[in-house]
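**Student:** This is the structure I have questions about; it appears just below.
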Amino acid sequence: MNAPLDHASLAAAPAVDSRFTVPGIKCAGCIGKIEREMARLDGVQTVRVNFSAKRVAVSHDPAIGDEALIAALAGLGFEAQPVAANPLARDDEETRRLMRATAVAGFGMMNVMLLSVSVWSGAAGATRELFHWLSALIALPVIAYAGRPFFSSAAMALRHGRTNMDVPISIGVVMATCLSLYETATGGSQAYFDGATMLLFFLLAGRALDAMMRGRTRAEIGALLSRMGRSAGIVQPDGTLRRVEAEALEPGMLMLVAAGEALAADGVVEDGTSAIDNAMLTGESVPQPVAAGSTVHAGTVNLAQPLKVRVTAAAQDTAIAEIARLMDEAGQSRSRYVRIADRASRLYAPAVHTLAALAFAGWMWAGAGWHQSLIIAIAVLIITCPCAIGLAVPAAQVVATGALMKRGLLVKDGGALERLAEVDTALFDKTGTLTLGEPQPDLSALPERAQPIALALAQHSRHPLSRGLAAALLRQGTVPASLADVEEQVGHGVSGTENGVPVALVRPPVAEATQATRVQIGKDGWTVPFADAVRPDAAQALAALGALGLQSRILSGDRIEAVAPIARDLGLFAQGSVSPQDKLAELDRLAAQGRRPLMVGDGLNDGPALAAAHASIAPGTASDISQQAADAVFVGASLMPVALAVRTARRTMRIVRQNFAFAIAYNLVAVPLALVGRVTPLIAAIAMSVSSLVVIANSLRLARAAR
Amino acid sequence: MTGLAFLIPIALGLGLAGLGGFFWAMRDGQFDDLDGAANRILIDDEDEE
């Protein structure tokens with residue numbers, strides 16, 4: 001933006017665009033800082049921050065690599081990860097097309113309505129004819145453009161010998177348009193262009209809403225895939241190194257993975273020893289040592305030394321891509337109510353056609369004339385359009401998920417809300433769920449002179465205990481000592497020298513019950529124990545769950561001695577030393593009793609239980625696998641979102657049932673009226689639209705439910 | 001009646017202008033970063049001229 005512009009060089013260098021996700025963008029200051037400072041770099045042409053998507057787009061000289069830009073962002077205090085060039089653009093395009101169609105339909109509806117109002121208020125003769133022709137002039141292109149999503153979907157269904165919700169809509173719209181054209185051409189008194197465009201507008205508005213909600217889920221999947229390395233250095237047969245894009249990798253290739261690089265494919269280590277950060281895949285924050293023969297996965301990060309890895313699975317076959325695909329399928333629709341609505345509208349469509357055909361035949365037989373009979377048949381088709389039923393579920397779910405997101409709870413899909421509403425038992429894991437999961441050191445045993453050294457050593461390590469220690473010391477205002485020869489030995493600790501005195505941060509010699517680390521200076525040594533604090537509002541959240549009728553229990557993999565104090569403090573029944581299989585067995589037992597358990601957990605060992613439970617919630621600090629398995633994820637130190645999720649989910653289901661009841665009642669009243677010929681196609685379109693609007697307005701009440 | 005000859009094209013023209021404006025805004029990415037736009041007003045300009 002404010003970069004010194006050199007137009008000559010700018011025109012000469014073909015710019016390359018790179019995108020990064022930067023989760024740390026939180027305020028206007030961050031936007032300003034990134035755009036101002038990044039633009040000052042040599043070779044960077046434009047920098048644009050997308051605050052909503054937490055992304056930064058950089059247009060730069062091809063000579064600058066992604067690594068340099070990431071390092072520059074890190075220098076500004078922002079952790080960044082490269083994003084592949086918008087792999088999900090197609091879904092975005094779908095939403096955009098629906099938005100454009102909605103806008104066109106809205107334009108057509110308003111203008112045709114304007115003309116219709118004057119016809120109703122008594123325009124006659126030449127004026128009426130003129131207005132009808134004008135309406136036709138506006139409505140025909142509008143219907144042709146905005147109706148495409150429905151026409152193509154209906155054509156697709158018919159080609160496969162099936163029928164769906166779009167078939168009666170398409171027939172209704174096309175027939176109303178043809179009849180109106182005939183009326184206009186013969187100077188008749190009624191045209192139904194207004195009804196047809198209005199119908200399209202409200203239907204499209206519903207579709208666009210739905211597409212936006214699905215787009216949000218897809219974005220999360222995109223974020224998951226972006227963790228995978230985008231390219232890898234491939235060792236050629238002649239020993240030279242060539243960069244290959246992740247998509248072009250093939251099994252059998254030999255990758256050279258530098259220290260600090262994310263793997264771009266699954267594989268087996270052929271040469272070298274190092275440590276791998278698996279946190280992304282398993283949540284295990286302790287680095288896993290690897291040597292020749294170890295299996296490594298795409299998305300994990302090589303921490304220590306370069307590795308040679310023989311690729312076994314690449315691109316779409318990697319473990320991480322498989323997870324993303326499973327998540328996408330899960331997001332498609334596990335929702336029972338959506339399935340009911342789908343099935344209802346599938347049965348509904350033939351019924352609607354039959355009903356309309358019968359109405360036409362019946363009125364013909366009664367001697368009403370083909371014109372009158374056709375109008376009644378169209379009114380029946382339009383008024384019975386099952387859009388209120390189709391909207392009943394997604395409208396409520398979109399509003400509820402949006403409201404919950406503002407309170408720090410991300411719900412994966414609508415089906416999750418349904419299942420959350422039905423739970424009657426809550427099972428909690430301990431570490432990281434009821435507790436914060438971050439080890440807090442007890443510094444009382446550590447003398448003041450040792451603290452700067454401990455901090456300097458801890459800052460050199462990625463081990464979770466070291467990070468906890470460094471964070472706690474920094475909070476105290478400790479200034480790190482300056483050390484020499486600092487070296488980390490994976491699995492052992494960090495060592496160095498201060499003014500020639502050897503210092504180290506190591507594992508305590510005896511394996512103790514609690515987590516601890518040992519600070520050594522020369523011959524002296526102190527053990528620093530770590531403890532895990534309970535979430536601040538755990539008791540209130542559990543009380544709120546109790547008020548909703550849920551029984552809470554602790555089901556932990558930790559030893560019972562570690563679980564008991566917390567269980568006592570919170571007044572919960574607890575089971576300790578529970579293996580992942582036992583957790584599943586417990587869930588099965590509860591299900592056999594007819595109970596519907598809610599599992600709240602974070603660890604890898606909770607993964608199967610999270611997937612098997614009736615509903616599940618994971619904290620944002622959980623392993624990515626657990627987050628994928630869970631129906632919802634809450635962020636922050638508070639446990640209250642769990643109670644909030646259950647309460648809001650129940651309210652959402654109440655609203656959904658109200659919506660269903662309303663839509664059914666509407667049809668019970670409107671269909672007989674249309675059948676007896678009391679409803680013109682325009683009134684039918686208004687009635688149908690109003691019924692949809694009532695459903696949306698009722699759903700909007702949920703926006704306040706999450707408070 | 002002659003009034004209509006002016007008013008109807010004006011009404012349609014305004015509607016089309018609005019529609020065109022919306023299409024332009026979508027293509028131009030005006031809706032890509034709604035929260036960001038709200039925040040950008042707070043950034044101090046530091047033009048070094």
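**Student:** If you consider only alpha-carbon coordinates, what radius of gyration and Dmax does the range A:88-224 have, in Å?
**Tutor:** 17.6, 65
**Student:** Summing +1 for each Lys or Arg and -1 for each Asp or Glu, what net charge is found among the other residues whose Cβ lies under 14 Å from the Cβ of A:Ala72?
**Tutor:** Around A:Ala72, the charge tally is -4.
**Student:** Another question, if that's okay. Please give the average number of partner chain Cβ atoms lying within 10 Å of the Cβ of each residue in B:31-43, rounded to a whole number.
**Tutor:** Averaged over the peptide's residues, the number is 6.
**Student:** So how much slack lies between A:Ala484 and A:Ala71, counting 0.36 nm per residue of separation and subtracting their Cα-Cα distance, in nm?
**Tutor:** Full-extension gain reported as 146.3 nm.
**Student:** While we're on this one: Need the list of lysines near A:Lys33 for cross-linking: C-alpha distance under 20 angstrom, and skip anything on the same chain fewer than eight residues off.
**Tutor:** A:Lys54
**Student:** Report ³J(HN,Hα) in whole Hz for each residue of the range A:190-196, in order, from the Karplus equation J = 6.51 cos²θ - 1.76 cosθ + 1.60 where θ = phi - 60°; Gly and Pro get x.
**Tutor:** Once θ is set to phi - 60°, the couplings for the range A:190-196 become 10, 9, 10, 4, 4, x, 5 Hz.
**Student:** Pick out, from A:Ile31, A:Leu76, A:Ser121, the residue whose Cα sits farthest towards the positive end of the charge dipole of the range A:31-185, with +1 on the Cβ of Lys and Arg and -1 on the Cβ of Asp and Glu.
**Tutor:** A:Ser121
**Student:** Once you have the Cα-Cα distance between A:Tyr182 and A:Ala351, take 0.36 nm times their residue separation minus that, and quote the gain in nm to one decimal.
**Tutor:** The A:Tyr182-A:Ala351 span can extend by a further 58.1 nm.
**Student:** Cut-off 13 Å, label point 7 angstrom out along Cα-to-Cβ of A:Asp92: give me the residues of the range A:49-68 whose amide nitrogen falls inside.
**Tutor:** A:50-58
**Student:** Could you give the distance between the Cα centres of the range A:28-56 and the range A:141-176, to the whole Å?
**Tutor:** 45 Å
**Student:** On to the next question. Determine, for each peptide in A:364-375, B:5-16, the mean count of other beta carbons within 10 angstrom over its residues, then list the peptides with the highest first.
**Tutor:** Those peptides, ordered most packed to least, come out A:364-375, B:5-16.
**Student:** Two decimals, Cα atoms only, Kirkwood Rh: what is Rg/Rh over the range A:548-707?
**Tutor:** That ratio equals 1.19.
**Student:** Now a separate question. Taking 0.36 nm per residue of separation and subtracting the Cα-Cα distance, what length does fully extending A:Gln551 through A:Arg595 add?
**Tutor:** Difference between extended and current length: 14.8 nm.
**Student:** From other protein chains only, count the Cβ atoms within 10 Å of every residue's Cβ in A:51-57, then give the mean.
**Tutor:** Per-residue shielding by partner chains comes out at 4.
**Student:** Sorted by average packing, counted as other Cβ atoms within 10 angstrom per residue and highest first, what order do A:681-688, A:555-562 take?
**Tutor:** Descending packing order for the listed peptides: A:681-688, A:555-562.
**Student:** Please report, in whole Å, how far the alpha carbons of the range A:447-604 spread along each principal axis, starting with the longest.
**Tutor:** So the three principal-axis extents are 68, 31, 22 Å.
FYI, it's all coordinate maths here, none of it is from the lab. Keep in mind the model is a prediction, meaning the values are calculated, not measured. Here the Cβ is made from the backbone with ideal geometry for all residues, glycine too, and neighbour counts use every protein chain on show.
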